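The structure appears right after this line, and notes come after that.
The values are calculated or read from the model by the stated rules, or taken from the named source; none is laboratory data. This structure is a prediction, so every number in the text was calculated from the model and none was measured. Note that we place each Cβ from the backbone using ideal geometry, even for glycine, and neighbour counts take in every protein chain shown.
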Amino acid sequence: MSRIAYVNGRFIRHSLAAVHVEDRGYQFADAVYEVITIVRGCLIDDQLHFERLERSLAEIRMEMPFSRAIFRLKVAELLRLNKLTSGSLYLQVSRGVAPRNHRIPHPLTPSVVMTLRPSRPVPQEVLENGVPVITVPDVRWKRSDIKSVALLANVLAKDDAVQHDVYEAWQVTPEGIVTEGTSTNAWIVKGGHLITHPAANAILNGVTRLALLKIATELGIEFEERPFSVAEAYLADEAFLSSSSAFLVPIVRIDTTKIGAGIPGPVATELLARYKDRIWSSNA
């Protein structure tokens, strides 16, 4: 069966799916997106994803193209057509199609694109052994809280990680503060205490990040949402990253510095176990 995409009201073969050459998402990165994990045919934390989508759209002076209920109906049909039960949904909303001009045109019909793809969980050996990351300069714009498709700086940072044969790149301000990874939130643990950058303009407030903070509260794990430096990260007992697709992945080396004992620590291990339990129990 052919892979099916959703493009502006039509369900169409993925190989034929396309938007207009003057779509502002294509020419100006004038668009936002969400990636939602699918488990057993259910969207994980879709309420939080739709809330963030609405916020991102509002920040770029747009409204939701249709209601959450309509979105869910369209996603359900896309899942049915693709016969997919586990994987991820990519959802993108651009300002629409208009002759190229920096000025925002009014009125304009938004472009909505949705695609599905199967995905595999992070390999167990990765979770058991942990991963290395590097640090790179954070050269992104100053509104990383908006989930914009303008990801070139992230793409180049990810390529740096690939070139260094590591899992991820943590982005660092000129002041030496770790903001986040290229597609993940950044965490450290010191004395059993969680530390992660506050959800301000410098980072995307990850949906999994929010879930982990809630789980930490339930477990009685103290946490701080505050900036932390690379130097502080080097001295951490544990470090890990989080995202909707990877959930949580322990970090055992940052640049050339071994973190803690060089193996996944107890806090990260417990948080991941509880997060997985939460997903499977809510979608049983």
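The criterion of at least 1 residues that are closer than 30 Å to Asn201 by Cβ is met by the following strands (runs of 3 or more DSSP E) wholly inside the range 1-120: 31-39, 87-94, 111-117. Anything in the range 175-187 that is polar (S, T, N, Q), in contact with a helix residue (DSSP H, G or I) (Cβ under 9 Å, 6 or more places away or on another chain) and assigned to a strand (DSSP E or B)? List them, or say none. Residue satisfying the conditions is Asn185 alone. Taking the range 200-212 as the range and being of a type in the set (S, T, N, Q) and part of a helix (DSSP H, G or I) as the test, only Thr208 passes.
Among the candidates Ser148, Ser94, Ser119, Ser111, single out the residue that is among the small types (Gly, Ala, Ser), at negative phi and surrounded by fewer than 17 Cβ atoms within 10 Å (Cβ to Cβ).
On the way: Ser148 fails: surrounded by fewer than 17 Cβ atoms within 10 Å (Cβ to Cβ); Ser94 fails: surrounded by fewer than 17 Cβ atoms within 10 Å (Cβ to Cβ); Ser111 fails: surrounded by fewer than 17 Cβ atoms within 10 Å (Cβ to Cβ).
Step by step, each of Ser148, Ser94, Ser119, Ser111 is checked, and only Ser119 is among the small types (Gly, Ala, Ser), at negative phi and surrounded by fewer than 17 Cβ atoms within 10 Å (Cβ to Cβ).
Going through (1) in contact with a strand residue (DSSP E or B) (Cβ under 6 Å, 6 or more places away or on another chain); (2) closer than 18 Å to Leu235 by Cα; (3) not aliphatic (A, V, I, L, M) one by one, Pro198 falls short only on (2). Outside the structural domain of Ile60 (by TED's automatic domain parsing), surrounded by 14 or more Cβ atoms within 10 Å (Cβ to Cβ) and either assigned to a loop (DSSP other than H, G, I, E, B) or in contact with a Lys or Arg (Cβ under 8 Å, 6 or more places away or on another chain) (or both): is that true of Ile215 in this structure? So Ile215 fits the description; yes. Of all the residues in the range 220-277, those that are within 14 Å of His193 (Cα to Cα) and part of a strand (DSSP E or B) number 7. Tell me the residue from Ile36, Ile44, Ile60, Ile104 that is touching a Leu at 6+ places or on another chain (Cβ under 6 Å) and touching a residue at least 12 places away in the same chain (Cβ under 8 Å), please. The conditions single out Ile36. Of all residues in the range 5-23, one or more are out of contact with any His (no Cβ under 8 Å at 6 or more places or on another chain), in contact (Cβ under 8 Å) with a residue 60 or more places away in the chain and under 20 Å from Ser119 (Cα atoms). Residues of the range 130-174 being outside any loop (DSSP other than H, G, I, E, B), under 18 Å from the mean Cα position of the chain (by Cα) and free of Cβ contacts under 8 Å to residues at least 40 places away in the same chain, which ones? Answer for the range 130-174, where residues must be outside any loop (DSSP other than H, G, I, E, B), under 18 Å from the mean Cα position of the chain (by Cα) and free of Cβ contacts under 8 Å to residues at least 40 places away in the same chain: Leu152, Ala153, Asn154, Val155, Leu156, Ala157, Lys158, Asp159, Ala161, Ala169, Gln171.
Table: residues versus (1) crowded, with 19+ Cβ neighbours inside 10 Å; (2) outside the structural domain of Ser88 (by TED's automatic domain parsing); (3) among the hydrophobic types (A, V, I, L, M, F, W, C).
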| site | (1), (2), (3) |
| --- | --- |
| Glu222 | no, yes, no |
| Phe228 | yes, yes, yes |
| Ser243 | yes, yes, no |
| Ile254 | yes, yes, yes |
